[in-house]
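Undergrad: Take this structure first; my questions come after.
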């Protein structure tokens, strides 16, 4: 199969993720979209690894997965805390950085 | 173990020791701090005696790889110049601790933090003069700002936060310019014999630079040092910082930290960029002369005793800078000696002014008056320190100031002549506060001010002893300074001008 | 010559005294004055011993230097802490320690009621040490140390009662004006080092033989400025009158006998420079001549006895400076007048102190009168000093002043006649104002304020006065007998050739005595034989009014230097705050302002941030794509 198709898929996934981050308000959904973008990037890495016949891309993909896992832990914890204190998971309500 | 590294480690270990003492045992903490600083001072004096003054190369050298991929080493060593400054630093620190016994209380944080900061600062003061690796120097140069920032901002008086921020921003600004120059040097060294930060190797690099490059790199260093020194018109951070800090902090700030500026001019500006130094000499001499006169006038106009002392220092740093760039052995040795002497005379002034201010609860000159009759010992201490500041012959500053003037006169007579007018202004800026604060009728509210106690006398006595002893017998210092000064000038390719009237005959 | 005693002890003894007294504090109140006096006296003894050693030797071998240690040595700039004892310095050593010891003795009694007497003696000893260093130093730099040392001692002593603001100001003024002079000395040393490569007397003397005239003129003028500052010569004379704020023994020792004559010492010591620099020498003469008239004019109008004496000192030092400016013929005579003046003026100041002691510190002569009856010893000793200063033969001042007038006339040409006339005119003025002082104080009818009970001073006070009075009577004769002093000083100043004689010696003497008679008679008529107001009259000539205001010296300094200086200081203080620091603050404010503006883009909405990131990334990619295409 043409490996370039994977790249197209990854681009599609990334775009979905990016649009999702921008348009959705629910923090959980935003978070899922971010995961989607990360995995799109992972997919590209693996694809290039395959195309070039080296292992570098796959190694980086593993790193990304580990980082993503950490990020999920921290991120979900933050979202849960915010939800507990503000009774809302909308990212627009949490514009605390402005102040 | 290497003497310099030992000296740098001792205060750090001391600060760890203090860290484990409970915060409420303030007296124990102070005693520990004093003991540690005294120990360092003793080590410093021993190092002094082991130093071979005839040898112009770096001594007590130690070099350990630090970040090998960039060619960065932990490399230390001293020559006459840095040894004198290190000696001054380690002698002043215990005096500061003892003189400011109670100034750590009432700050934003505990006394424990104060002494930890002081000890960390002491390590850095030694390191900044001892570093022979430019990168190491830079790191310490910048890291020194941190303890001083907290010392001013946390324990000072008045508008301490603003003064601390101003000090930090000014210094960072200069530091970053210097960093750019250091990176430039590093890149050039990479193209010419391998990346390095070793000062000896870098001092060859000026052969491979265009004059524009050299001038730009020089300016990066020089502006950083001119802010530190401080030279007109980059001086406005000093009065605020010196007036807001505790007296002890101000002593270390004016006495030691500012010397890094003039030290750097000799060690880096002259050594690394000899041609650029020549190019900029007229400008720098002019700025130095302006500093001398300008600082003196502002000191005359000052109404706050601490600001006054800060302004006198601007004048004195003008003298030091002028002597450095006069490029004569008298000017150089005089400037180095001046750095040492200024450390002590300013320390004395600031310490006594601090005592006066803490007793009276104000540092306005107008709030004092007639102290000579109320607190004779304190008044005398201030007077002698003031006399040293106006370079009275027989006191230490005279020797250095006169050497600077004579050294400058042989090459730049006009600058020396204008600078000499500074000695008349010096008489004014010292005698005016002396008259207002010490003489005259006793101002109401001052009748019962206590005179110096035993601790304070013990603290000020060694400073006075140094001021007087070196005035009559400066040879011990000059013997160490002279070979280094001569060596630096020789490398620069300067020789002293010959007496003009006998040259032709 | 080798000697068994080190010259260092001469200085070390009084120096040790001052240090001990200052460090010991109140504990030394009981014995401090005795120790100080003893140390000063032992210094005098050492001086006499050195003199006796010198007398045993041939004249050329008498001078010797002693290196104590190497003081400053950098490159070719080498200055030893070295002392030079020669015929000139021994004169000063004996004057300083001799008169100094007498004044120590006097002060024991004079200051006995002052709670800070110990401190006073410490300062006196410090002064003696510094003054000895000044005259014994073997280089200009060593001299400089003593030079500023005596300035410091003078500052401390003028301001001894500095709880009075006016006195504190007077001491500050003296120090600052002296510093202007000191600046001249610094310049001289710098020029000497830059052009001749040495700063020792011997070295400069040797190098001056081959030096250019311009160099020597430069050094000479700078030395003259230094001398003018220290010796209260025109135009740096204004501090001396105010210096009378110090206790009277101080005025006698420092501001009459010794320190103020240091300028004359400096000029005569540098004779080799002035001999080779005619312009500088001419300036010395001019300064001397102007000051001698200037001081005498001020002296005629002063009602404060100490200020009248101070003006007189200024004028007499003008005589010395003038003589020193006359070249080889004048140096020895300048020194002679300096020494005789040291005796009679110190004696008169002590006399004035004794009068004040008996008159509850009243200094206004218009409130004296008829004191001769109540203070016989003071009257006689003061009177002997008076006869000496106006130049009545055979008192000391006659010999020395006579020689100055004669030398001035013989300077040759118009210059000689001009200078001679000025010295004669000065002699008339001197006779006038001194007679005025004498009459107003001792012989005219009494004009005391109420509750005055004048009485003679105790023995410790009058004994020194008697000794000094004897000196004022005899020294002139002793110095001139067989030209003793001139020959004694010849190895230092060199022999001077025969000069053209405009007027024979006897004519000059006759002229001088006539001058004295004229001056004294006017004063007698005005003050002895006519009523004297107890209050200074207001309707007086413009000249008197000017003289009362010290010929506007202070107004001049204030309007030309002080006020502009104050304005400049204010401007600079404001400028530093507004312009220099203002620029820095402007940078800071600009950064804050820019931040405030840019902050508006930070809405706090996470989704708009992410949208911006997305757009930014797209723009970046598009950019890269455009470039690579």
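The values are calculated or read from the model by the stated rules, or taken from the named source; none is laboratory data. Since we're looking at a predicted model, the values are computed, not measured. As a convention, Cβ positions derive from the backbone with ideal geometry for all residues, glycine included, and neighbour counts pool all protein chains shown.
Undergrad: For residue C:18, are the conditions met, namely being assigned to a helix (DSSP H, G or I), touching a helix residue (DSSP H, G or I) at 6+ places or on another chain (Cβ under 7 Å), within 21 Å of residue C:100 (Cα to Cα) and free of Cβ contacts under 8 Å to residues at least 40 places away in the same chain? Spell out the reasoning first.
TA: Numbers: assigned to a helix (DSSP H, G or I): yes; touching a helix residue (DSSP H, G or I) at 6+ places or on another chain (Cβ under 7 Å): yes; within 21 Å of residue C:100 (Cα to Cα): yes; free of Cβ contacts under 8 Å to residues at least 40 places away in the same chain: no.
No: the conditions fail for residue C:18.
Undergrad: For the subset of segment C:591-624 comprising residues that are assigned to a loop (DSSP other than H, G, I, E, B) and at the interface with chain A (Cβ under 9 Å from one of its Cβ atoms), which member is farthest from the chain's Cα centre (by Cα)? Steps first, please.
TA: Start the filter on segment C:591-624 by keeping residues that are assigned to a loop (DSSP other than H, G, I, E, B), which leaves C:600-605.
Right, trim to at the interface with chain A (Cβ under 9 Å from one of its Cβ atoms) and you get C:602-605.
Working: C:602: 74, C:603: 77, C:604: 77, C:605: 81 Å.
Checked segment C:591-624; the qualifying residue farthest from the chain's Cα centre (by Cα) is C:605.
Undergrad: Kindly check whether there is at least one residue in segment C:611-621 that is surrounded by 15 or more Cβ atoms within 10 Å (Cβ to Cβ), closer than 30 Å to residue B:312 by Cα and either in contact (Cβ under 8 Å) with a residue 12 or more places away in the chain or outside the structural domain of residue C:169 (by TED's automatic domain parsing) (or both). Walk me through how you get there before you give the answer.
TA: Of all residues in segment C:611-621, those surrounded by 15 or more Cβ atoms within 10 Å (Cβ to Cβ) come to C:611, C:614.
Those left that are additionally closer than 30 Å to residue B:312 by Cα: none.
The answer is no, given that none of the residues of segment C:611-621 is surrounded by 15 or more Cβ atoms within 10 Å (Cβ to Cβ), closer than 30 Å to residue B:312 by Cα and either in contact (Cβ under 8 Å) with a residue 12 or more places away in the chain or outside the structural domain of residue C:169 (by TED's automatic domain parsing) (or both).
Undergrad: Further, regarding this structure: Could you tell me which of the residues C:326, C:322 is part of a loop (DSSP other than H, G, I, E, B) and crowded, with 24+ Cβ neighbours inside 10 Å?
TA: Selected residue: C:326, the only one of C:326, C:322 that is part of a loop (DSSP other than H, G, I, E, B) and crowded, with 24+ Cβ neighbours inside 10 Å.
Undergrad: Step by step: first the residues of segment B:400-423, then only those that are closer than 20 Å to residue B:471 by Cβ and at the interface with chain C (Cβ under 7 Å from one of its Cβ atoms), then the one that is surrounded by the fewest Cβ atoms within 10 Å (Cβ to Cβ). Which residue is that?
TA: B:420
Undergrad: Being assigned to a helix (DSSP H, G or I) and either more than 13 Å from chain B (Cβ to nearest Cβ) or crowded, with 22+ Cβ neighbours inside 10 Å (or both) is true for just one of C:28, C:24. Which residue is that? Before you say what the answer is, go through the steps one by one.
TA: Working: C:24 fails: either more than 13 Å from chain B (Cβ to nearest Cβ) or crowded, with 22+ Cβ neighbours inside 10 Å (or both).
The conditions single out C:28.
Undergrad: Hey, another quick one. Which one is nearest to residue B:91 (Cα to Cα), of the residues in segment B:448-467 that are within 13 Å of chain C (Cβ to nearest Cβ), modelled with pLDDT under 90 and surrounded by fewer than 17 Cβ atoms within 10 Å (Cβ to Cβ)? Full working, then the answer.
TA: Quick first cut of segment B:448-467, residues within 13 Å of chain C (Cβ to nearest Cβ) only: B:451-452, B:457, B:461, B:464-465.
Filter once more, so that each one left must be modelled with pLDDT under 90: B:451-452, B:457.
Narrowing further to those that are surrounded by fewer than 17 Cβ atoms within 10 Å (Cβ to Cβ): B:451, B:457.
Values: B:451: 25, B:457: 16 Å.
Filtering first and then ranking leaves B:457.
Undergrad: Is it the case that residue A:36 is within 14 Å of another protein chain (Cβ to nearest Cβ), over 23 Å from residue C:618 (Cα atoms) and either modelled with pLDDT of 85 or more or exposed (fewer than 11 other Cβ atoms within 10 Å of the Cβ) (or both)? Working first, answer last.
TA: Working: within 14 Å of another protein chain (Cβ to nearest Cβ): yes; over 23 Å from residue C:618 (Cα atoms): no; either modelled with pLDDT of 85 or more or exposed (fewer than 11 other Cβ atoms within 10 Å of the Cβ) (or both): yes.
No: the conditions fail for residue A:36.
Undergrad: Looking at segment C:598-609, is at least one residue surrounded by fewer than 12 Cβ atoms within 10 Å (Cβ to Cβ) and modelled with pLDDT of 85 or more?
TA: Taking segment C:598-609 as the starting set, the residues that turn out to be surrounded by fewer than 12 Cβ atoms within 10 Å (Cβ to Cβ) are C:598-601.
When the remaining residues are screened for being modelled with pLDDT of 85 or more, the result is C:598.
Yes, that holds for at least one residue.
Undergrad: Still on this model: For residue A:82, which of the numbered conditions (1) more than 14 Å from chain C (Cβ to nearest Cβ); (2) not in a loop (DSSP other than H, G, I, E, B) fails to hold?
TA: Here residue A:82 clears every test but (1).
Undergrad: Can you find a residue in segment C:72-82 that is farther than 24 Å from residue C:263 by Cα, touching a strand residue (DSSP E or B) at 6+ places or on another chain (Cβ under 7 Å) and surrounded by 21 or more Cβ atoms within 10 Å (Cβ to Cβ)?
TA: Looking through segment C:72-82, at least one residue is farther than 24 Å from residue C:263 by Cα, touching a strand residue (DSSP E or B) at 6+ places or on another chain (Cβ under 7 Å) and surrounded by 21 or more Cβ atoms within 10 Å (Cβ to Cβ).
Undergrad: Also, I was wondering about something else. Looking only at segment C:526-535, decide whether some residue is under 30 Å from residue B:425 (Cα atoms) and away from chain A (no Cβ under 14 Å). Working first, answer last.
TA: Restricting attention to segment C:526-535, the residues satisfying the condition of being under 30 Å from residue B:425 (Cα atoms) are none.
Within segment C:526-535, not a single residue is under 30 Å from residue B:425 (Cα atoms) and away from chain A (no Cβ under 14 Å).
Undergrad: Another question, then. Restricting attention to segment C:156-169, which residues are crowded, with 24+ Cβ neighbours inside 10 Å and more than 7 Å from every other protein chain (Cβ to nearest Cβ)?
TA: Residues of segment C:156-169 that are crowded, with 24+ Cβ neighbours inside 10 Å, as a first pass: C:157-159, C:162, C:168.
If the condition is that a residue be crowded, with 24+ Cβ neighbours inside 10 Å and more than 7 Å from every other protein chain (Cβ to nearest Cβ), then C:157, C:158 are the ones that fit.
Undergrad: Quick test of your reading of the structure: residue B:437 fulfils all but one of (1) assigned to a helix (DSSP H, G or I); (2) touching a residue at least 24 places away in the same chain (Cβ under 8 Å); (3) within 10 Å of chain C (Cβ to nearest Cβ). Name the failing condition by number.
TA: Only one criterion is unmet by residue B:437, namely (3).
Undergrad: Might you let me know whether segment B:470-483 holds any residue that is surrounded by fewer than 19 Cβ atoms within 10 Å (Cβ to Cβ) and outside any helix (DSSP H, G or I)?
TA: Yes.
Undergrad: So in segment B:44-76, with the set limited to residues that are within 16 Å of residue B:483 (Cα to Cα) and surrounded by 13 or more Cβ atoms within 10 Å (Cβ to Cβ), which one is nearest to the chain's Cα centre (by Cα)?
TA: This residue is B:48.
Undergrad: Does residue C:138 meet the test of being in contact (Cβ under 8 Å) with a residue 40 or more places away in the chain, farther than 24 Å from residue C:20 by Cα, more than 10 Å from every other protein chain (Cβ to nearest Cβ) and buried (at least 24 other Cβ atoms within 10 Å of the Cβ)? Steps first, please.
TA: On the way: in contact (Cβ under 8 Å) with a residue 40 or more places away in the chain: yes; farther than 24 Å from residue C:20 by Cα: yes; more than 10 Å from every other protein chain (Cβ to nearest Cβ): yes; buried (at least 24 other Cβ atoms within 10 Å of the Cβ): yes.
Yes, satisfied.
Undergrad: Okay, next question. Restricting to segment A:1-30, count the residues that are over 21 Å from residue A:71 (Cβ atoms), at pLDDT 90 or above and in contact with a helix residue (DSSP H, G or I) (Cβ under 6 Å, 6 or more places away or on another chain). Working first, answer last.
TA: Keep residues of segment A:1-30 that are over 21 Å from residue A:71 (Cβ atoms), which gives A:1-9, A:11-12, A:23.
Add one more test, that the residue is at pLDDT 90 or above, and what stays is A:5-9, A:11-12.
Next, only the ones that are in contact with a helix residue (DSSP H, G or I) (Cβ under 6 Å, 6 or more places away or on another chain) stay: A:6-7.
Result for segment A:1-30: 2.
Undergrad: Output the residues belonging to segment C:145-185 that are within 18 Å of residue C:232 (Cα to Cα) and in contact with a strand residue (DSSP E or B) (Cβ under 8 Å, 6 or more places away or on another chain).
TA: Once the filter is applied, which keeps residues that are within 18 Å of residue C:232 (Cα to Cα) and in contact with a strand residue (DSSP E or B) (Cβ under 8 Å, 6 or more places away or on another chain), segment C:145-185 yields only C:146.
Undergrad: Inspect segment B:131-152 for any residue being modelled with pLDDT under 90, farther than 28 Å from residue B:5 by Cα and away from chain C (no Cβ under 14 Å) and give the result as yes or no.
TA: The answer is no, given that none of the residues of segment B:131-152 is modelled with pLDDT under 90, farther than 28 Å from residue B:5 by Cα and away from chain C (no Cβ under 14 Å).
Undergrad: Of everything in segment C:59-71, what is buried (at least 19 other Cβ atoms within 10 Å of the Cβ) and within 14 Å of chain B (Cβ to nearest Cβ)? Give them in sequence order.
TA: C:71
Undergrad: So if I check each of C:348, C:356, C:365, C:314, which one is under 27 Å from residue C:550 (Cα atoms), surrounded by fewer than 24 Cβ atoms within 10 Å (Cβ to Cβ) and touching a helix residue (DSSP H, G or I) at 6+ places or on another chain (Cβ under 8 Å)? So that I can check it myself, show each step before the final result.
TA: On the way: C:348 fails: surrounded by fewer than 24 Cβ atoms within 10 Å (Cβ to Cβ); C:365 fails: surrounded by fewer than 24 Cβ atoms within 10 Å (Cβ to Cβ); C:314 fails: surrounded by fewer than 24 Cβ atoms within 10 Å (Cβ to Cβ).
After applying the criteria, what remains is C:356.
Yes/no matrix, rows are residues, columns are (1) out of contact with any strand residue (DSSP E or B) (no Cβ under 9 Å at 6 or more places or on another chain); (2) modelled with pLDDT under 90; (3) surrounded by 24 or more Cβ atoms within 10 Å (Cβ to Cβ); (4) within 13 Å of chain C (Cβ to nearest Cβ):
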position	(1), (2), (3), (4)
B:348	yes, no, yes, no
B:352	yes, no, yes, no
B:364	no, yes, no, no
B:374	yes, yes, no, yes
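Undergrad: Now, a different point. Tell me, please, whether a residue that is part of a loop (DSSP other than H, G, I, E, B), at negative phi, more than 14 Å from chain C (Cβ to nearest Cβ) and at pLDDT below 90 can be found in segment B:252-270.
TA: Kept after step one, since they are part of a loop (DSSP other than H, G, I, E, B), are these residues of segment B:252-270: none.
No, because not a single residue in segment B:252-270 is part of a loop (DSSP other than H, G, I, E, B), at negative phi, more than 14 Å from chain C (Cβ to nearest Cβ) and at pLDDT below 90.
Undergrad: Quick test for you: out of C:108, C:96, pick the one residue that is surrounded by fewer than 23 Cβ atoms within 10 Å (Cβ to Cβ) and away from every other protein chain (no Cβ under 13 Å). Give the steps one after another, and end with the answer.
TA: Values: C:96 fails: surrounded by fewer than 23 Cβ atoms within 10 Å (Cβ to Cβ).
Of the residues listed, the single one that is surrounded by fewer than 23 Cβ atoms within 10 Å (Cβ to Cβ) and away from every other protein chain (no Cβ under 13 Å) is C:108.
Undergrad: If we scan segment B:175-189, do we find a residue that is closer than 30 Å to residue B:97 by Cα and in contact with a helix residue (DSSP H, G or I) (Cβ under 7 Å, 6 or more places away or on another chain)? Talk me through it step by step, then tell me what you get.
TA: Looking only at segment B:175-189, we keep the residues that are closer than 30 Å to residue B:97 by Cα, and these are B:175.
So of that shortlist, the ones also in contact with a helix residue (DSSP H, G or I) (Cβ under 7 Å, 6 or more places away or on another chain) come out as B:175.
Yes: segment B:175-189 contains one or more residues that are closer than 30 Å to residue B:97 by Cα and in contact with a helix residue (DSSP H, G or I) (Cβ under 7 Å, 6 or more places away or on another chain).
Undergrad: Turning to a different aspect of this structure: Check off (1) under 22 Å from residue C:492 (Cβ atoms); (2) part of a helix (DSSP H, G or I) for residue C:57 and give me the number that stays unchecked.
TA: All conditions are met except number (2).
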